[in-house]
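One structure below.
The values are calculated or read from the model by the stated rules, or taken from the named source; none is laboratory data. Nothing here was measured: the structure is a model prediction, and the numbers come from that model. Cβ placement follows ideal geometry from the backbone for every residue including glycine, while neighbour counts extend to all protein chains displayed.
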Amino acid sequence: MPGTGALLLLAFATLVIVVLLVLLHLTRLGVLVRTTIPDRPRRRMFIASIAFLITFLGVRVLVRLIVHKNGPFQWVTVGGLHIHHLVWGILILLLVGYGWLLDLGRDHSELSIFFSRLMSVSYGVGAALTLDEFALWLNLEPDAYWSSAGRVSIDAVIIFGSLLSVGIWGAPFFRGLHHLWRHRGLFGK
């Protein structure tokens, strides 16, 4: 039976995916994304970048809480073995890759648009979970993750890169959002 850390991580990743999908499907944000970023690959990159940024920041907060023993948070353990969250990220990325092999999200139907968004959001979540533990890719020593010099620089590069990506892919969206906010409100009709 997975520990509370595994359940919390799974709940957080699921929450990010669900909230972004609800916002994209049930509010004007989805229409705004589709109309302001008409190029489908660019739209997918924007959605994945948003999911990446939210997940990366959320996981950083959770890890800090665990390290400083704040709250009920614990490491992800299965059968007494600490499972790093890059493992979950790799699993999500494998599932997304399989979904793309099945051509999910390639058509223009409502179901296809949903799968396109699901694949994009899931890719961002999986990439964030994997890249957050980049220090472990290069050095499989568990303490490598916590060396302050390497960790701070990796955090800074990843956060800067994700913010840059959100801005690049989403520039038309942000202009449309500003226009919508000024003239009609975000959730009004």
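Identify all residues within the stretch 71-97 that are farther than 17 Å from T130 by Cα and either free of Cβ contacts under 8 Å to residues at least 40 places away in the same chain or assigned to a loop (DSSP other than H, G, I, E, B) (or both); write none if there are none.
If the condition is that a residue be farther than 17 Å from T130 by Cα and either free of Cβ contacts under 8 Å to residues at least 40 places away in the same chain or assigned to a loop (DSSP other than H, G, I, E, B) (or both), then G71, P72, F73, Q74, G79, G80, L81 are the ones that fit.
Being small (G, A, S), modelled with pLDDT of 85 or more, surrounded by 12 or more Cβ atoms within 10 Å (Cβ to Cβ) and out of contact with any Cys (no Cβ under 7 Å at 6 or more places or on another chain) narrows it down to one residue among A135, A144, A127; which is it?
On the way: A135 fails: modelled with pLDDT of 85 or more; A144 fails: modelled with pLDDT of 85 or more.
Among A135, A144, A127, only A127 is small (G, A, S), modelled with pLDDT of 85 or more, surrounded by 12 or more Cβ atoms within 10 Å (Cβ to Cβ) and out of contact with any Cys (no Cβ under 7 Å at 6 or more places or on another chain).
Any residue at all in the stretch 101-114 that is in a helix (DSSP H, G or I), of a type in the set (D, E, K, R) and surrounded by fewer than 16 Cβ atoms within 10 Å (Cβ to Cβ)?
Yes, some residue in the stretch 101-114 is in a helix (DSSP H, G or I), of a type in the set (D, E, K, R) and surrounded by fewer than 16 Cβ atoms within 10 Å (Cβ to Cβ).
With the condition kept exactly as written, say whether any residue in the stretch 148-161 is closer than 23 Å to R34 by Cα, modelled with pLDDT of 70 or more and either of a type in the set (G, A, S) or in contact with a Cys (Cβ under 9 Å, 6 or more places away or on another chain) (or both). Don't jump to the end; show me each part of the working.
To start, the set of residues in the stretch 148-161 that are closer than 23 Å to R34 by Cα comprises none.
No, the conditions are met nowhere in the stretch 148-161.
Could you look through the stretch 24-39, keep only residues that are of a type outside the set (V, I, T) and within 15 Å of E110 (Cβ to Cβ), and pick out the one that is surrounded by the most Cβ atoms within 10 Å (Cβ to Cβ)?
Ranking the qualifying residues of the stretch 24-39, first place goes to L24.
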